[in-house]
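The values are calculated or read from the model by the stated rules, or taken from the named source; none is laboratory data. In this text, all values refer to a predicted model and were calculated from it rather than measured experimentally. Backbone-built Cβ (ideal geometry, glycine too); neighbour counts: all protein chains shown. Calculation scope for accessible area: heavy atoms of the full protein, side chains included, ligands and nucleic acids excluded. Shrake-Rupley method; radii C 1.70, N 1.55, O 1.52, S 1.80 Å.
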Amino acid sequence: MADPVKELGEAVLAAAAELGATPKKRPTLERPPQADLGDYSSNAAMLLAGALKSPPREVAERLGEKLAGALGDAVERVEVAGPGFLNLHLSDRWLKAAAAAALADGDRFGRTAYEVSERVLVEFVSANPTGPITVAAARHAAYGDSLCRILEAAGDEVEREYYVNDYGGQVQRFAASLRARALGQEPPEDGYRGDYVAEVAARIDGAAELDDDELAKRGVALMVDAVRATLERFGVEMDRFSSERALQEGGAVDEAIERLAERGHVYEQDGATWLRTTDYGDDKDRVLRRSNGEKTYFAADIAYHEDKRERAYDHAIDILGADHHGYVGRMKAAWEALGGNPERLEYVIMQLVNLVEGGERAQMSKREGQFVTLDALVDDIGVDATRWFLVQRSPDTALDLDLDLARSHSQDNPVYYVQYAHARIASILRRVDAERVAAAVAGDLAASPEALHPSARDLIKKLLELPEEIRVAAERRAPHRIAADATEVAQAFTAFYRDCKVIGAAEEGGDEDLRLALCELARRTLASSLDLLGVSAPDRM
RNA sequence: GCCCCCGUAGCUCAGCUGGAUAGAGCAGCGGACUUCUAAUCCGCAGGUCGCAGGUUCGAAUCCUGCCGGGGGCGCCA
């Protein structure tokens, strides 16, 4: 896979090695803050200064000479600046060749650039099957699915999983509410009051006569179907729905408790069975089996994670809401108590989503039936805007989703800016024959006589960042970086579009083939980034 | 009281595993439509990076303390 920037970075490392020192950490190779400082800059000399016992600027001078010699005509000149930065001014030829290399990767440019492949399980959403998917869970869906797409792009083998809490108290209350609706009554005080309850009840034949367990199973099955449909409409396809009930009734939970007991982490107190999670850093011990004999949700989740562990993933990532963050300590403790490697179980804690309407926060309660569903939100502003909006911010940041704004100013959403850039490129490319574009893309770009306009140089450099952006987004579990990067790509293309005529480039001394090829590379990059976010890349708007 | 997240432009937020003069979108002001798509572009204005110390060649970024906001601390899930 092409990654010209990475190759350049390796050239810097090689030059450093020639000076007889290896930097303590990998030197940076990044775009300097100002264009006139060069195309790329590296802090390598500053990292080497200590080992070489020379001033950073002096090291930079020597490093620059080595590098210039190694890169030949790829480099125009090398300069030392500031505290010891090495600034590279590259030739047009290098940039054109780099673009050609990226184009040779087809639609896969930027993907699997770093071939460390791991098997990763991502568990997300996992909302209780007692009601529709709400906006809070929608953020999990948008984030989790984008993360999976990005991990896949970075070379990992990913499975998406939804844990269904189809057992226990809230499911019994759900069944009781279904029965009440089936009988034309109001749900019990502690039941579920949303309108959907009556609709679900109406779809279960003889609901009023079924026993509690059967009614719960049927109701949950219908809710899971609804959840699946909502997620699919949202572009999220789970590989597996895991059932808590199956674990409870299949004996897996008892087995897990037994295994913990064998390892000596369990004790009885006050009639309940406890796990000594404090041995693994939790702040208090936790109950596995209540004094009434019922096993806790925690006990079931231990069995579920034991199942995950046996499936031998390199990483199991759980995405939880901030309101569950207190759960992390005990789960990690249980994982370790059963011999799990703590580095393989990873938690992402998503901060909450607040809906704002009429300038006020809308309170959400599934129990009371007061909530905005994901379906309703998608009806309002569409899948693309919804996904973009929910994923464009760091999971660490609480999100205020202003419904009035989302409705009335949906045109201001940056997703349209990025999509528009894609549509605009598609429009340009439509004006010439497909064969012509294909030939331009496959052509020898490095041989193009065109002197690159600064906007074209900037565009190429921005496009070449994609492999690194994907790698970092994957590594830091940060899909929002892809959204930010896509916006920057769209901006870079728009500047190029403004300054460089593509069709009829010859009129201003340009090379139409080269510019068509750059358009295609920009289009692929935008389409790729949008795909990583689950957002469509339209050809027309 | 303890734990987690946040505090950066008027607003919403990037940047946070240390690098050069801290960025984007929106809002505001002033311009550009005989267009390869104006869902766009150009310019202007806008900052004690919550506060105070510390670490070092260098701190928005790392450490400590404090202040403010959100979330959590159950034999609920």
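Quick notes on this structure:
- Breaking point among (1) among the small types (Gly, Ala, Ser); (2) over 25 Å from A:GLY169 (Cβ atoms); (3) surrounded by fewer than 21 Cβ atoms within 10 Å (Cβ to Cβ), for A:ALA316: (3)
- Residue ranges of helices (runs of 4 or more DSSP H) in the stretch A:192-299 with at least 3 members open to solvent by 10 Å² or more (accessible area, probe 1.4 Å) and farther than 28 Å from A:VAL135 by Cβ: A:212-233, A:244-249, A:252-262
- The residue pairs whose first member lies in the stretch A:494-514 and is over 18 Å from A:LEU445 (Cα atoms) and open to solvent by 20 Å² or more (accessible area, probe 1.4 Å), whose second member is more than 6 Å from RNA strand B (Cβ to nearest atom) and of a type in the set (A, V, I, L, M), and whose beta carbons are closer than 7 Å, counting only pairs six or more residues apart or on different chains, are A:THR494/A:ALA421.
- Candidates A:ALA45, A:ALA17, A:ALA97 - the one that is among the aliphatic types (A, V, I, L, M), more than 16 Å from RNA strand B (Cβ to nearest atom) and either part of a loop (DSSP other than H, G, I, E, B) or in contact (Cβ under 8 Å) with a residue 40 or more places away in the chain (or both): A:ALA97
- For the residues A:ALA81, A:ALA101, A:ALA127, A:ALA141, the requirement of being more than 18 Å from A:PRO479 (Cα to Cα) and at pLDDT 95 or above singles out A:ALA101.
- Subset of the stretch A:155-180 (residues that are open to solvent by 30 Å² or more (accessible area, probe 1.4 Å), out of contact with any Gly (no Cβ under 9 Å at 6 or more places or on another chain) and not aromatic (Phe, Trp, Tyr)): A:GLU157, A:GLU159, A:GLY169, A:GLN170, A:GLN172, A:ARG179
- Beta carbons closer than 7 Å, at least 6 apart along the sequence or on distinct chains, pair a first residue in the stretch A:386-401 that is small (Gly, Ala, Ser) with a second that is near RNA strand B (Cβ under 7 Å from one of its atoms) for A:SER394/A:ALA478; A:SER394/A:HIS480; A:ALA398/A:GLN351; A:ALA398/A:LEU352.
- Pairs with Cβ under 7 Å, 6+ apart, first in the stretch A:414-427 and under 9 Å from A:MET541 (Cα atoms) and in contact (Cβ under 8 Å) with a residue 40 or more places away in the chain, second among the basic types (Lys, Arg) and near RNA strand B (Cβ under 6 Å from one of its atoms): A:ALA423/A:ARG540
- When we screen A:ALA456, A:ALA490, A:ALA440, A:ALA484 for residues that are over 19 Å from A:ASP39 (Cα atoms), open to solvent by less than 10 Å² (accessible area, probe 1.4 Å) and within 12 Å of RNA strand B (Cβ to nearest atom), the only hit is A:ALA490.
- Looking across the stretch A:300-333, just one residue is over 19 Å from A:GLU249 (Cα atoms), aromatic (Phe, Trp, Tyr) and in a helix (DSSP H, G or I), and that is A:TYR327.
- Test: residue in the stretch A:395-408 that is modelled with pLDDT of 95 or more and buried (at least 17 other Cβ atoms within 10 Å of the Cβ): yes
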